[in-house]
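What follows is a short report on a single structure.
The values are calculated or read from the model by the stated rules, or taken from the named source; none is laboratory data. It should be emphasised that the depicted structure is a prediction, and the values quoted were computed from it without experimental measurement. Accessible surface areas use protein heavy atoms only, side chains included; no ligands, DNA or RNA. Shrake-Rupley method; radii C 1.70, N 1.55, O 1.52, S 1.80 Å.
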Amino acid sequence: MQSVDSISTPGLLEVSLKETYNNTVETDLDKAVENSENHKENDYNISDIAIVGPTLVYPYDTHMYELKNYSGPLGLWKILNETKERMVNLTPNELLVRVEILTGKQGSFSLAYEAEG
């Protein structure tokens, strides 16, 4: 059973990792790419500051997340509330971040952007 907190704190995106026993990445790479491209991104008001990207991800997925409608000082991308240590790897690029899921187990984490200052 998976669920995502739909009433999270503004400025925080809670991501849920769905556990699966199929290793599509190993057995059908094309299908894995197609599935990852079809994930629905979180809904947000077009004028709100929001982290945009999928809220439901799968083991060993890689996704890009973007901070939309933000014009403040540059900050840092952070992972908060990991249910397992070292379950994700971040590669930041200003208002974009690449998130790699490093585990095959179910779990969740929150992705946050903290402005410096």
What accessible area, in Å² to the nearest ten, does a 1.4 Å probe give for LYS68? 60 Å²
Compare SER110, SER71 by solvent-accessible area with a 1.4 Å probe and give them largest first, with all protein chains kept in place. SER71, SER110
For ILE49 the rounded accessible area (nearest 10 Å², probe 1.4 Å, non-protein molecules ignored) is 100 Å²
